[in-house]
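Reviewing the structure listed below.
Coordinate-derived values only; no laboratory data. Bear in mind that the values here come from a model prediction, so they are computed numbers and not experimental data. Every residue, glycine among them, receives a Cβ derived from its backbone with ideal geometry; neighbour counts consider all protein chains shown.
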Ligand code: SAH
Ligand code: SF4
Ligand code: F3S
């Protein structure tokens, strides 16, 4: 396995910058970077932008204006891959108008050899392909591409520790993504992530704390800790630390900010974690705990290592310890041979938990995973009908939960202009519920108290409190 040396990469960035200043003597070349998929990918996209900036690129907002386009891809479902193929296909016309343009693909999708083969054959205008492990080597790969004028492909796996030292260009100033680990060792039978992201690698707590402190000093109001499986944080580190201990350390940093995290796997989510959320004032009273299914038989075939009962026990403990806690989850509908009674257990569970939010997916076959080999007698139309049924039940639950918030005052982190039109702002409550209200754009990026006046299924409306 290769190793990537940061210092060497920084030297390559300088070399690329020199080459670019010869190629574009009159102007700064522009880059367009788009990340598909989860927040981890978005966070990787911030690193890609940092490295491109070190290489001398500025940024633009569409591929048409760009001298380099990088699509940071996702492979989690077929639909995600189809979108990437569609968008890459569309670049052929853009490249005809701008022959010197570099088109790069990276991320989870291209870490699969057969996908890279397909791109090689069917998308000859793609110049640069690098996998998830090679992301920190972008400056050297780009150098190779510019000098050789040939296509550069590298999807090799990299050994060593979590990669530090890459500057990020962040998408938000008041919200900071902080990766705490990479990869996944769980091998849920439906999931491609462990194959494309590799084994779990935790990041040293010192580095995480350093990044959090810098973010808060820079004005960030929310820290989002990222990992495919944050509950196994620390397992492969020399230091003796687990996820709860890390949360407690971040909570001690001074300042007015919130801490959220994603994603917590129910098999390792412990009462210690709930106690930590309860005790730490900055950790939001909100838990995204993807259950996937309510059927023990399906959970077993998914290789999830928990049951309906054990999941609910943890949820009930959390409800007891933190009365205003909010739950969200991911659900897969139509796992191979999911029977009607399996699906009904899922409906029963979501009613029992009373989630505020669900992210629902129809099972998508991922080549190379064990579930792809499982027989499946359920039709696509049946799966779609179940998804609709699930959404209808959840809409009712969310609406009912939201109705209970009318009349309350919530602390909201204002993150954008509202969808309701001119003069409206939108933000998130501690429980991660969207709140819309009238207010000045200048307030974006700050905390404000909002009195809730109206409830919708998936959002609240309110009035800004004075002060
Ligand atoms: N690490 C996280 C989830 C990562 S993927 C966790 O374990 O909770 C995000 C979500 O995508 C998963 O929770 C699952 O609901 C969904 N997903 C993953 N693979 C899928 C597949 N093959 N088909 C449909 N949904 C899938
Ligand atoms: Fe995929 Fe399971 Fe790992 Fe989550 S825990 S990334 S669902 S294998
Ligand atoms: Fe997709 Fe990779 Fe994230 S497969 S969901 S971008 S880890």
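The table below gives the values:
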read-out	value
Rounded Å value of the spacing that divides the Cα centres of region 54-114 and region 367-426	29 Å
Separation of the residue 83 and residue 449 label points, Cα + 7 Å toward Cβ, nm	3.9 nm
Förster radius 25 Å - calculated FRET efficiency between residue 463 and residue 411 (Cβ-Cβ, nearest 0.05)	0.95
Potential extension, residue 61-residue 245 segment - 0.36 nm per residue separation minus Cα distance	62.2 nm
0 to 90° range, to nearest 10: angle between helix 138-148 axis and the chain longest Cα axis	30 degrees
Pairwise label distance in nanometres, residue 121 with residue 337, each label 7 Å out on the Cα-Cβ vector	3.3 nm
Degrees separating the helix 380-403 axis from the principal Cα axis of the chain, which is the longest one	60 degrees
C-alpha long axis of helix 39-54 to longest principal axis of the chain, angle in °	30 degrees
Of every Cα-Cα pair in the chain, the percent that sits beyond 36 Å	33 percent
FRET E, pair residue 8, residue 235, Förster distance 22 Å, beta-carbon r, rounded to 0.05	0.15
Pairwise FRET efficiency - residue 28 versus residue 185, Cβ, R0 = 41 Å, nearest 0.05	0.45
Taking N as its residue count, the alpha carbon Rg of region 172-284 over 2.2 N^0.38 Å	1.05
Relative contact order (percent, whole number), the chain, Cα cutoff 8 Å, 6+ residue spacing	10 percent
Part-to-part distance (alpha-carbon centres) for region 139-203 and region 246-282, which is given in Å	25 Å
